[in-house]
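No value in this document is a laboratory result; all are computed from the given coordinates. These figures come from a predicted structure and were not determined experimentally. Every residue, glycine as well, gets a Cβ built from its backbone with ideal geometry; the counts of neighbours run over all protein chains shown.
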Amino acid sequence: MTDLDKPTNFIQQIISADLDAGRVNNVITRFPPEPNGYLHIGHAKSICLNFGLAAQYNGKCNLRFDDTNPEKEDQAFVDAITADVKWLGFDWEGDACYASNYFDQLYTWAQYLIGENKAYVCELNAEEMREYRGTLTETGTNSPYRERSAEESLSLLEKMRDGKVDEGAMTLRAKIDMASANINLRDPVLYRIKKMAHQRTGDKWNIYPSYDFAHGQEDAIEGVSHSICTLEFAANRPLYDWFTANLPLPSVPKQYEFGRLNLNYTVMSKRKLKLLVDDNHVAGWDDPRMPTISGLRRRGVSAQAIRNFCDSLAVAKTDGIVDVAQFEHFIRDDLNVNAHRAMCVLKPLLLRLSNLEEGSCELFSAANHPNREELGSRHLNFSNKLFIDRADFSEDTTLSRKKFKRLVIGDYVRLRGAYIVRADEVIKDSTGNIVEVVGSIVPNTVGADAPEGIRPRGVIHWVDSATAVECTINLYDRLFKEAAPDEGNKNFLEHINPASLIRITGCKAESSLSDAAVGHHYQFEREGYFTRDSIEKDALVFNCTIGLRDNWKA
């Protein structure tokens, strides 16, 4: 390693020490999601860590699907997870791995444990098993089936596999220690009966391994050197080690735990995210308000921003809560550098310039980015009829320049990249609403200083009415009003922000946005950062990625 690659966190220190001592020759990590939902920003930290460590030490990282529960899993989740990992910029050697690839081997190892008097078929039902298991302060009680003969357990396991035993009637359990202080070691379940087809193995199996039984053995089969989990699996590590010590595995992996990523103003439980989707509180897993990778992508957050954010986080042995504003900083920082500039008027008001001829048109050139010439420029049409935002005009001539730096009757503003203009009068409809502002340009002020005696209040954006394209804008805000919506006994659903989505139709955008590409990022001047929606492809719809500044600050 170079000096830049020297260990900076405890996992890097462990790996470096293992390599230096010869305990490990090749670094192999894995990212092992269960395909029962979409990945979220918390998973991104684990993805960046596991793939990043493999790259740093010239090793490899496997993408592995822990598909041991067909009741909750689906191929659609597999496809979404695969797409998310690749979009984040990571890849793996060969095909993705699956727990289901190893079902035959896991079953053989289950038989081995029975033969070694270290596993048995138990007929306690779920409620009885909980009673026998004990509590955190009381030891468990041995199952009455614990001393069943290996021959009988092997025969019953085969019947379970062949579908000859009802669901819930039997389980296969490891024989460890019902008096252990660690509840995970109190004869944990290795196999449950589940008469359900698997998305990859079909109807072959009527029993499926538990995650705890499958996890370490999958690592061993794949030669994983460092099995890196989040902190909630720390209590499972003794069980992980028990399996690796009591099975004839091809390799002996080691598990290490780090603190997971928790963000305020959101929830990070897949179960709770699924509830948001199933109960239609959001419009699917990829709703731009969701903390899912696909939701963030649809909202316009770049993969680089997510990677930069994850790389900034501490890899520690404790959990913590990160302020979402820290994530938003990386989003803005990335978009400020990379987003093309454009103009879009969200609430259009017609501005007619009386000293320009009807049908006249000028063409101005505007840079796509003020600091990046390599991003080029685009043309802006300018005629005698423009759209400005209603919020940028007021009839109140008493407004001070300090409080209102926009257009006021009898005063001036500069139109971005174009003329200085003055507002002269307004035209109203029968109900008294302003439908048009009549104004005039100050000649020879494009790209030039204001003439003596004229001081514009400020600069506002605009679009040409003749060439403007109509679009819809989705303004997104944080999904929850509370910083900790699911803390303690809170019902997180009661804290959903009713203003988390505001949809504005009839917006007017400059003509260069008519063919805006999905995945392209724009800064709509004075409004925020936007991207074209990837779902509503038949219409021109832009999603607000983030505002120009943090409006949640106290």
How far apart, in nanometres, would the label points at Ala325 and Ile454 be if each is projected 7 angstrom from Cα along the Cα-to-Cβ direction?
4.1 nm
Please give, to one decimal in nm, the separation of the simple spin-label points placed at Glu232 and Glu71, each 7 Å out from Cα toward the Cβ.
1.7 nm
Gain on full stretching of the segment that runs from Asp91 to Glu357 - 0.36 nm per residue minus C-alpha separation:
89.9 nm
Both in Å, the radius of gyration and Dmax of the C-alpha trace of the range 228-282 are 16.9, 49
So the label point goes 7 Å from the Cα of Lys204 along Cα→C-beta, right? Which residues of the range 155-175 then have their backbone N under 16 Å from it?
161-163
Please report how many Lys pairs in the range 347-500 have alpha carbons closer than 24 angstrom, counting only residues at least 8 apart along the chain or sitting on separate chains.
9
If you take every residue apart from Asp533 with its C-beta less than 12 Å away from the C-beta of Asp533, what net charge results, scoring Lys and Arg +1 and Asp and Glu -1?
+2
For mean projected area of the Cα convex hull in nm², the listed values are (1) 43.5; (2) 37.4; (3) 32.8; which was obtained by calculation from the structure presented?
(3)
I'd like the isolated cysteines in the chain, meaning no second cysteine's beta-carbon lies under 4.7 angstrom from theirs.
Cys61, Cys97, Cys122, Cys229, Cys344, Cys361, Cys471, Cys507, Cys544
Could you work out how far helix 103-115 tilts from the main Cα principal axis of the chain, as a 0 to 90 degree angle to the nearest 10?
30 degrees
Taking θ as phi - 60°, what are the ³J(HN,Hα) couplings along the range 476-493 by the Karplus curve (6.51, -1.76, 1.60), each to the nearest whole Hz, with x for Gly and Pro?
10, 10, 4, 5, 10, 7, 9, 5, 10, x, 10, 6, x, 9, 5, 8, 4, 5
Dipole axis of the range 401-554 (+1 Lys, Arg; -1 Asp, Glu on Cβ), positive-most option in Phe542, Gly432, Gly458
Gly458
Förster radius 25 Å - calculated FRET efficiency between Asn142 and Tyr112, Cβ distance, rounded to 0.05:
0.70
Whole angstrom only: what separates the Cα centroid of the range 442-509 from the Cα centroid of the range 160-181?
58 Å
Using the Cα centre of the chain as the reference point, and only Cβ charges (+1 on K/R, -1 on D/E), how large is the resulting charge dipole? Debye, rounded to the nearest 20.
1060 debye
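How big is D, in µm² s⁻¹, for the range 3-258 by Stokes-Einstein at 20 °C and 1.002 mPa s if Rh is the Kirkwood radius over C-alpha pairs? Before the final figure, lay out the partial values.
Details: Rh = 19.4 Å.
It diffuses with D of about 110 µm²/s by this estimate.
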How far apart, in nanometres, would the label points at Ala391 and Lys403 be if each is projected 7 angstrom from Cα along the Cα-to-Cβ direction?
1.8 nm
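Once you have the Cα-Cα distance between Glu151 and Glu123, take 0.36 nm times their residue separation minus that, and quote the gain in nm to one decimal. Can you show the working numbers first?
Working: separation 28, 0.36 × 28 = 10.08 nm, distance 1.58 nm.
Additional length available on full extension: 8.5 nm.
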Suppose the chain between Asp104 and Glu167 were pulled fully straight at 0.36 nm per residue; how much longer would it get relative to their current alpha carbon spacing?
20.6 nm
Given a Förster distance of 25 Å, report the FRET efficiency between Asp177 and Lys317 from their Cβ-Cβ distance, rounded to the nearest 0.05.
0.45
For the range 80-123 and the range 226-297, compute the distance between their C-alpha centroids and round to whole Å.
16 Å
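Determine the sum of side-chain charges near Gly140: Lys and Arg each +1, Asp and Glu each -1, restricted to other residues whose C-beta is under 15 angstrom from that of Gly140. Provide the component values of the computation, followed by the final result.
On the way: positive: Arg130, Arg133, Arg146, Arg173, Lys175, Arg186; negative: Glu127, Glu128, Glu131, Glu138, Asp177, Asp187.
My count for the surroundings of Gly140 gives 0.
If packing is taken as the average number of other Cβ atoms within 10 Å across a peptide's residues, how do 235-244, 500-509 rank, most packed first? Mind dumping the intermediate values first?
Details: 235-244: 18.5, 500-509: 16.7.
Most protected by this proxy first, the peptides run 235-244, 500-509.
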For a quick check: with amide H placed at 1.01 Å from N, whose amide H comes under 5 Å from Cys61's, ignoring anything fewer than 5 positions away on the same chain?
Thr29, Glu93
How far, in degrees from 0 to 90, does helix 303-312 lean away from the longest principal axis of the Cα atoms of the chain, to the nearest 10?
60 degrees
To the nearest 10 degrees, how steeply does helix 150-161 sit against the main Cα axis of the chain, on a 0 to 90 scale?
40 degrees
Under 10 Å from the Cβ of Glu436, count the other residues' Cβ atoms, weight Lys and Arg +1, Asp and Glu -1, and hand me the total.
+1
